[in-house]
Amino acid sequence: MMTRSIRRAFFGLLIILPTLCGCNVFASFFDSELVTACEAALKFRLQSPSGYKRIEISRSDDKPMDRAAFLDYISSFRDHAYRRERMLDFDRGVVKPVLFSVLISYDAPNAFGTPLRAHSRCEYVDSSGDETRANEVLVMIDGKANADWLRN
């Protein structure tokens, strides 16, 4: 059983620790897989990822996709047979896609090293409505998937 003085010291350390290391330990510790994947994908696209500093993360409402939105989403896949199968699965109710969306406000240095404030929208679609499978390859940053960004 913790005594009152030990409890105070523990909570004091929890408050002081982030300022000692110059970071927000608790924000990264409690981030969802989606936020972690979005930030990793965003940092990969920056000129100087080591200078990235999160300002704010805000979540949008998760949106179940209707047939038209899902068809638009899978239209970028090259394999026609795969697209047809996914739409059949959607029509049978096997697939229930959800669009997850996160807005990231951050500071990052430009090519001259000057930190600039920027905002990016990160989106992830999962066919069963599970955001825990998000990773940096599957998320879209500002409407571009990882493969789209690598082509440019």
Pull out the extension gain between Phe112 and Arg92, defined as 0.36 nm times the separation in residues minus the alpha carbon to alpha carbon distance; nm, one decimal.
1.9 nm
Once the mean of 1/r over all distinct C-alpha pairs in region 66-127 is inverted, the Kirkwood radius in Å reads 14.1
Using the Cα centre of region 46-112 as the reference point, and only Cβ charges (+1 on K/R, -1 on D/E), how large is the resulting charge dipole? Debye, rounded to the nearest 20.
120
Footprinting exposure proxy for Cys38, Cys122 (fewest neighbouring C-beta atoms within 10 Å first)
Cys122, Cys38
Please list log₁₀ I(q)/I(0) at q = 0.14, 0.15, 0.19 Å⁻¹ for region 28-152, using the Debye equation with identical point scatterers on the alpha-carbon positions.
-0.65, -0.73, -1.05
All other residues with a Cβ under 14 Å from the Cβ of Pro115 taken together, and with Lys, Arg as +1 and Asp, Glu as -1, what is their net charge?
+2
What spacing in nm lies between the two simple spin-label points modelled at Thr132 and Arg67, each 7 Å away from Cα in the Cβ direction?
3.2
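No lab work stands behind these numbers, since they all come straight from the coordinates. Owing to the predicted nature of the structure, the values given are computational and were not obtained by experimental measurement. Here the Cβ is made from the backbone with ideal geometry for all residues, glycine too, and neighbour counts use every protein chain on show.
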